[in-house]
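As structure tokens, the structure follows; a few thoughts come after it.
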Amino acid sequence: MKLKYVNQIKANLTISSNKKTNNLLDGTYKSVYKGKSMNFENLREYTINDDVKDIDWKASSRSGSLLVKQFIAEKKHNILLVMDTGSKMEADTKEKVPKKEVALFSAGTIGYLAMKNGDYVGMIYNCQEQIHYKPFQYDYYHLEQYLTEYEKEAGMTNQTGLEKAIHYLCRNIKKRMIVFIITDLKGLDKLEDRMIQEISTLHDLLVVTISDASIKEKNAYDVGENTYIPNFFSNDKKLEEMEKVMKKNLFEKHQKRIQKYGGNVILMDSVKEIPFKMIELLERQQYANNR
């Protein structure tokens, strides 16, 4: 199998590495989950240098001495890419790039970095009312396969498939994961509080939100009406400004909701900015985990 997408992603990261982005991405990725990637091993007696937060008060009460929980680091992470689908993904972003292309390369960049770090990557999406679950793997050939299949199937349905995909992961995938949801403003609007809370209770949650083209562009999508915008709206400057404010307010509202539950979200406009925006997203999560 030719690694078409994987090689393009690698090239995009290599170009960005002229600004030290590649090394920074690697370093940020490896450290972002440090605080939450620990498994309980046993109890031992408290010493002066231990964190008070690690004291097991119930066990201490039973034993008559202070006991702390001892943890060991997980060797591998499980990275799950939850992909949005629907005809809306064939529309353009703010930077006139197909949303499906930005979704594809965002997922590919995350997957490439994860596998480079020795982690496992899986993918899930809903196409024509059927859940497509790609199991966790650790090699670039499986990543290429997942990206290729998503590219063929993402736009085959009219409706967004995000809700059913999330429902499936919450009910059927029990292992601890780092969940990346890749969607747009329409999908973000359908991401209910109960979904965010259910994912965040067990997993790290990061959301890549792909922007929508302005109504003045020919391949713009109306996130409210779930349809492409007629061309005769393109010359209405007042309507264009109202739409711009509406999208900004909508994103900020959902950003606050996701952060409330310990997750983080970024807005993505184009393929070329993916390495830089991924750094921003990972550093936000790193900061949140270290607070």
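No lab work stands behind these numbers, since they all come straight from the coordinates. Since we're looking at a predicted model, the values are computed, not measured. Because the Cβ atoms are built from the backbone with ideal geometry, glycine has one as well, and the counts that use them run over all protein chains shown.
Just a few scattered comments:
- On the beta carbon distance between residue 172 and residue 117, with R0 = 30 Å, the FRET formula returns roughly 0.70.
- Estimated FRET transfer efficiency (residue 47, residue 4; beta-carbon r; R0 41 Å; 0.05): 0.15
- Residue pairs exceeding 32 angstrom between C-alpha atoms, taken from 53/186; 76/96; 96/164: 53/186; 76/96.
- A Förster distance of 35 Å, applied to the separation of the beta-carbon atoms of residue 240 and residue 131, puts the FRET efficiency at 0.40.
- Taking label points 7 Å from Cα along the Cα-to-Cβ direction, residue 139 and residue 197 give a separation of 4.3 nm.
- Among the listed pairs 58/175; 100/253; 247/272; 2/152; 4/152, those beyond 20 Å (Cα-Cα): 58/175; 100/253; 247/272
- Fully extending the segment from residue 62 to residue 90, taken as 0.36 nm per residue of separation minus the present Cα-Cα distance, adds 4.0 nm.
- Computed from Cα atoms alone, the Kirkwood hydrodynamic radius reported for segment 75-215 is 14.9 Å.
- The coefficient of translational diffusion for segment 115-185, derived via Stokes-Einstein from the alpha carbon Kirkwood radius under 10 °C and 1.306 mPa s, stands at 122 µm²/s.
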